[in-house]
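Single-structure report; data block below.
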Amino acid sequence: MRNFDLNLLLVLRTLLETTSVSETARRLDSTQPSVSRMLERLRVELGDPLLVKSSNTMVRTTRANELRPLLDKVIELLQAVYRAPGDYRLRDERRTCTIGASDSLQAMFAMPLIATMRALAPNARLRFKPVPYPNPMRSLLAGEIDLLLAMTDEENSGFRSDVLFKSSFSCMCAIENPHIGTRASIAAIAAMPYLEISHMGRISAATDAIFAVADKRKNTVAAISSFLAAPGVIANSLMICLVPDYLARTLGLHPGVKVVPLQDDLKQHTIRMIWHNTTHFDAFLGAVRSLLQEIAKTPPYTVGSDGARTDAVQKSKKVKCDRPGCDS
């Protein structure tokens, strides 16, 4: 790379845009002979004439047309390298943020985050993907994901994290289940047929611990990997399952089920956002983290003490990003 003059890339992009040596010289505040010499140098280094005469004009070669979008990206990246942090504008962002999250956390965060990002940064992209087990931390380190959303009570050394919120569990059952009213207890539901919901065992461990505190074990009769499939399985059956409170509103929309609080004084589990230290100062990823923190301040659904559903989302409430450059 030391043999190449990166300044020539700006000249080349302008030449390919204008297809004119004189107009390029005017735009770059240079002289026509100087731009002509640079064009000859570019032709030698790239092994292509780039611009050829046709009648009284210059036209781009096939190779030149291939280079145009590449040059736009390269120069945009070079500008980003030298851009002062205070000059960052989220609205100008064009990159992709990849978030590792279970389907249950995607159900909570995806809709408000994508809607807000579409308004604040219409050219940026968000990509949610399943948590990459068995080692999600390695995926953060390798850059396969930029952020991880996970239920974990442990802090991971070498990574930064922020507690988004804490959540307990409620009981989901068929709406006509004769054994469960507006409240339930672990002792009462332990003997009932239990639907296990677990993605790589993560939720299983949390619900296993809830039953263990009451000195009970689940009566597991079936298992699935997605919470979002659970209402269809539970409806019109005697099966029950425990679901995170933050999912209660979404799951409770199914007409065949109800979600009721547990009488037991349950330990709350921690939902964390985790990221690698190398991305901590990235303005774009910092803005996404800020938006996730704002969304997490108002859980979308809680189960009241009387079993009634409580919608905690204020209508038309806008999620704000307070980081510099967010323009919101």
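The values are calculated or read from the model by the stated rules, or taken from the named source; none is laboratory data. Note that this is a predicted model, so its numbers are computed, not measured. All Cβ positions, glycine included, derive from the backbone under ideal geometry; neighbour counts span all protein chains shown. These area figures cover heavy atoms from the full protein model, side chains too; ligands, DNA and RNA do not enter into them. Shrake-Rupley method; radii C 1.70, N 1.55, O 1.52, S 1.80 Å.
Rg over Rh for the range 63-143 works out to 1.07, both radii taken from alpha-carbon positions and Rh defined as the Kirkwood radius.
Translational diffusion coefficient of the chain (Stokes-Einstein, Kirkwood radius from Cα pairs, 20 °C, 1.002 mPa s): 90 µm²/s. In this structure T116 has an accessible area near 20 Å², from a 1.4 Å probe over the protein heavy atoms. Note on the chain: with charges restricted to the Cβ of Lys and Arg (+1) and Asp and Glu (-1), its dipole about the Cα centre is near 760 debye. Along the charge dipole of the range 163-234, Cβ charges K/R +1 and D/E -1, which of A229, V163, A214 sits furthest on the positive end? Positive-end residue among those listed: V163.
For the chain, DSSP calls about 65 percent of its internal beta bridges antiparallel. Placing T61, T31, T278 in order of accessible area, with the largest value first and a 1.4 Å probe, yields T278, T31, T61. I240 sits with roughly 0 Å² accessible to a 1.4 Å probe, with DNA, RNA and ligands left out of the calculation. For the range 55-206, just say rounded, prolate or oblate: build the C-alpha gyration tensor, square-root its eigenvalues into a ≥ b ≥ c, call rounded for a/c under 1.5, and beyond that prolate if a/b exceeds b/c, oblate if not. The shape class here is prolate. Accessible surface comparison of K267, K53, probe 1.4 Å, protein chains only, largest first: the order is K53, K267. Rg/Rh, computed from the Cα trace of the range 173-248 with Rh as the Kirkwood radius, has the value 0.92.
Entry note, the chain: the mean residue ellipticity at 222 nm calculated from DSSP H runs of n ≥ 4, each adding -39500 (n - 2.57), is -11000 deg cm²/dmol after division by the residues and rounding to the nearest 500.
Using Cα centres only, tell me the gap between the range 224-248 and the range 148-214 in whole Å. One Cα centre to the other: 11 Å. Residues D87, D29 ordered from highest to lowest accessible area at a 1.4 Å probe: D29, D87.
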